[in-house]
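Bear in mind these aren't lab numbers, they're just calculated from the coordinates by the rules spelled out. Worth saying up front: this structure is predicted, and the values here are computed from it rather than measured. Cβ: placed from backbone, ideal geometry, glycine included. Neighbour counts: every protein chain shown.
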Amino acid sequence: MKINIVLVEPEIPQNTGNIARTCAAIGAKLHLVKPLGFSISDKQVKRAGLDYWDKLEIEEHDSLKDFLEKYNIDKNEMFLVTTKGKHVYSDIEIMQDKEVFLLFGKETKGLPESLLLENIDKTIRIPMRETLRSLNLSNSVAIVAYDVYRKTGFDELEKISKYFDDKL
């Protein structure tokens, strides 16, 4: 199974760098939907992603419209992650033979409300206290992406550390 993390108009370079590092760790493809609030070459993005940029597959899209024309929401296993989601992220069923797309909106506004309303059954959320606005974007990506992999038994990820094998 392949996971695609889609950041729609991300604004904070450090978040994108952290998300890039998570994508590299799990083998997910990172999609960046413009306009971006920074340049990919920004020092903050590179620093947050550390030395993982060469282990990462990135695809850039000029707009959300362009992304959705290439990856049709109805023809793909696509989930829109939002605080307004209809379903809890841990309750969704994953088709293991399909690519999964997880869409996240910009830090200040989230995904466009019209997109959410048109696809309400594909919206998912992370439960949290009612009085709080949202979690940090990079934390949200990690929570949802790792849960998708958990549902597949962490397929293709190292489950047992070999660090101590030669020390014991």
Study note, to complete from the structure: Given a Förster distance of 25 Å, the FRET efficiency implied by the Cβ-Cβ spacing of Lys29 and Thr131, rounded to the nearest 0.05, works out to 0.10
Practice item. Nearest 5 is fine: what % of DSSP beta bridges in region 49-168 come out antiparallel, could you say? Key: 10
Review point. With contacts defined as alpha carbon pairs under 8 Å and 6 or more residues apart, what's the relative contact order of the chain in percent?
Key: 26
Study note, to complete from the structure: Counting as exposed only chymotrypsin sites (Phe, Trp or Tyr not before Pro) in DSSP loop states with no more than 11 other Cβ atoms inside 10 Å, the longest exposed-site-free span of the chain is 1-162
Check your understanding: Gain in length, Glu99 to Glu59, computed as 0.36 nm per residue apart minus the alpha-carbon separation, to one decimal in nm?
Key -> 12.9 nm
Study note, to complete from the structure: Violations at 30 Å Cα threshold for listed pairs Lys29/Lys86; Lys55/Lys106; Lys70/Lys151; Lys106/Lys159; Lys29/Lys84 -> Lys106/Lys159
Practice item. Filter the trypsin sites (Lys or Arg not before Pro) in region 90-150 down to the DSSP loop ones having no more than 16 other Cβ atoms within 10 Å, then list what survives. Key: Lys98, Lys109, Arg129, Arg133
Check your understanding: For the chain, what is the convex hull volume of its Cα atoms per residue in Å³?
Key -> 139
Practice item. Please give the calculated 222 nm ellipticity per residue for the chain, where each DSSP H segment of at least 4 residues contributes -39500 (n - 2.57) and the sum is spread over every residue; nearest 500 deg cm²/dmol? Key: -8500 deg cm²/dmol
